[in-house]
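**Q** Here it is, the structure, as structure tokens.
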Amino acid sequence: MRTEKSQSVTTKPPSKWRLYLEVSRLHNFPVGSERVFWPCAWASTSAAYRTSATLDVLSFHILVFGIVSTFLHSAGCVINDILDVESDRKVERTKSRPLPSGDLSLGAALMFLVALTGGGLIGLSFTTPAAFRIALFAIFPLYTLYPLMKRWTNWPQAWLGLTANWGIFVAWTWMAEMHDYYTPIFFFAGAWVWTIIYDTIYASQDRDDDAKAGIGSTAVVFGRRVRQILSLFALIYVGFLAYAGVTNHQSILYFVVSVGGAVLHLFWQLATVDFDDPADCSNKFVSNNSLGFIVWLGILLDYMIHTY
């Protein structure tokens, strides 16, 4: 009679590189980073439209913000995981992340945070001194304090709206170098509302866990009225988007492509999202990358026709 030896199955731990990618969310690139990038692209292109800047200049600005948004979004994710390590252990979706699981040490995460922040600051050094000073406000207090907002308020998405869209003022200041801030103010107000929409959808994945853990979230606050409330926010966002175009003297092309496209995309999102299905909430959150591109496309087409 043959005796077979039982074999234990061992799971290979993730590599250090994989842990760094996960803690900064770079393993899902460009998800998240594009939410920081698109508002910068809107402001840069609308300011280029206003000032008739050359395509070479606009392209360089867009490239810089693409790089900077990636560094700063990743740094923000690391800060978030460092400060939220205890609460993340109580949420099913986040308890296996590198820091809550113990796979990555706090010291390693802090060193990576310094490197990412340094990379973002190097990228911002290519802007003007005035734009650079405005950008510093995004790093502290906006990015730094955001993870604490879910402990201090039930509306952390409102603070995230300030954080993710502050680049609008940086981009406008760098490109336009003027004191007329009507257009970026309305872009910023609209983007702030847009952030509450998409991050409430995202937070709906963890609504029950957040409620049990006492973590603040608009998904918890809005409850079963979330679709109706976000629909109202969508109308407000579209209104700000349209008025930003009015203040910047955009042509009909902007209102058809950017504003009209945003209306259709938001209608689809809010009509079809299943707030009780985490997978669908995640998919709808990711789809906002397309909305950001649609808004930028209208501004870009308007700029190309107006300038050339």
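The values are calculated or read from the model by the stated rules, or taken from the named source; none is laboratory data. Bear in mind that the values here come from a model prediction, so they are computed numbers and not experimental data. Ideal geometry is used to build each Cβ from the backbone, glycine not excepted, and the neighbour counts take in all protein chains shown. With ligands, DNA and RNA removed, areas are computed over all heavy atoms of the protein, side chains included. Shrake-Rupley method; radii C 1.70, N 1.55, O 1.52, S 1.80 Å.
**Q** How much solvent-accessible surface does residue 90 expose, in Å² to the nearest 10, with a 1.4 Å probe and all protein chains in place?
**A** Residue 90 exposes around 140 Å² with every protein chain in place.
**Q** Order 299, 229 by their accessible area, 1.4 angstrom probe, all chains in place, largest first. Let's see the in-between values first.
**A** On the way: 299 0, 229 40 Å².
So the residues, ranked largest to smallest area, are 229, 299.
**Q** While we're looking at this one, here's another question. Ordering 177, 86, 22 by accessible area with a probe of 1.4 Å, largest first, what comes out?
**A** Values: 177 135, 86 115, 22 45 Å².
From most exposed to least exposed: 177, 86, 22.
**Q** Using a 7 Å offset from the Cα along the Cα-to-Cβ direction at both residue 178 and residue 225, what is the distance between the two label points in nm, to one decimal?
**A** Roughly 4.2 nm, to one decimal.
**Q** Still on this model: If eta is 1.306 mPa s and T is 10 °C, what Stokes-Einstein diffusion coefficient results for segment 168-292, Kirkwood Rh from Cα pairs, in µm²/s? The partial results should precede the final answer.
**A** Numbers: Rh = 15.6 Å.
Answer, rounded: 102 µm²/s.
**Q** Just to be sure I understand the model, the point goes 7 Å from the Cα along the line to the Cβ. What's the resulting residue 304 to residue 122 distance in nm?
**A** Between residue 304 and residue 122, the simple spin-label model gives 3.3 nm.
**Q** Cα axis of helix 33-51 to longest principal axis of the chain: angle in degrees, 0 to 90, nearest 10?
**A** Result, in degrees: 10.
**Q** Follow-up. With just the Cα atoms defining each centre, how far is segment 23-85 from segment 127-161? Give it in Å.
**A** 14
**Q** Using alpha carbons only, how many angstrom separate the centre of segment 258-308 from the centre of segment 179-238?
**A** The two parts, judged by their Cα centres, are 15 Å apart.
**Q** Continuing with the same structure: Just from its helices, what would the mean residue ellipticity at 222 nm be for the chain, if runs of 4 or more DSSP H residues each count -39500 (n - 2.57) and the sum is divided by every residue, rounded to the nearest 500 deg cm²/dmol? Before the final figure, lay out each step's value.
**A** Working: 16 runs with 220 residues, N = 308.
Value at 222 nm, helices only: -23000 deg cm²/dmol.
**Q** Using only Cα atoms, tell me the angle between helix 278-307 and the longest principal axis of the chain; keep it within 0 to 90° and round to the nearest 10.
**A** 20
**Q** First compute the accessible area of segment 16-307 with a 1.4 Å probe, then give the percent of it belonging to carbon and sulfur atoms.
**A** 68
**Q** Still on this model: With every protein chain left in place and a probe of 1.4 Å, what is the accessible surface of residue 150, to the nearest 10 Å²?
**A** In the full protein context, residue 150 sits at about 40 Å².
**Q** Moving on to the next point. First check a/c for the chain, with a ≥ b ≥ c the square roots of the eigenvalues of its C-alpha gyration tensor; if it is under 1.5, answer rounded, and if not, answer prolate when a/b is larger than b/c or oblate otherwise. Before the final figure, lay out the partial values.
**A** Numbers: a/c = 2.01, a/b = 1.54, b/c = 1.31.
Taking the square roots of the gyration eigenvalues as a ≥ b ≥ c, the chain is prolate.
**Q** Now for a different question. Return one whole number: the accessible area per residue of segment 16-307 in Å², for a 1.4 Å probe. Each step should come with its number before you reach the end.
**A** On the way: 12400 Å² over 292 residues.
Here the residues of segment 16-307 average 42 Å² of exposed surface.
**Q** May I pose another question? Which sequence of 72, 26 reflects their accessible areas, 1.4 Å probe, from the largest down?
**A** Working: 72 20, 26 55 Å².
Most to least solvent-accessible, the answer reads 26, 72.
**Q** Okay, moving on. Can you tell me the length gained on complete extension of the stretch residue 287 to residue 236, counting 0.36 nm per residue apart and subtracting the Cα distance?
**A** 16.4 nm
**Q** Shifting gears a bit: Which of the pairs 212/284; 16/150; 150/284 have their Cα atoms more than 27 Å apart in this structure?
**A** On the way: 212/284 24 Å; 16/150 29 Å; 150/284 22 Å.
Violating the 27 Å limit, Cα to Cα: 16/150.
**Q** Roll a 1.4 Å probe over the protein heavy atoms and report the accessible area of residue 249 in Å², nearest 10.
**A** 140
**Q** Below 8 Å between Cα atoms, with a sequence gap of 6+, how large is the relative contact order for the chain in percent?
**A** Numbers: 395 pairs, mean separation 67.3, N = 308.
After rounding, I find 22 percent.
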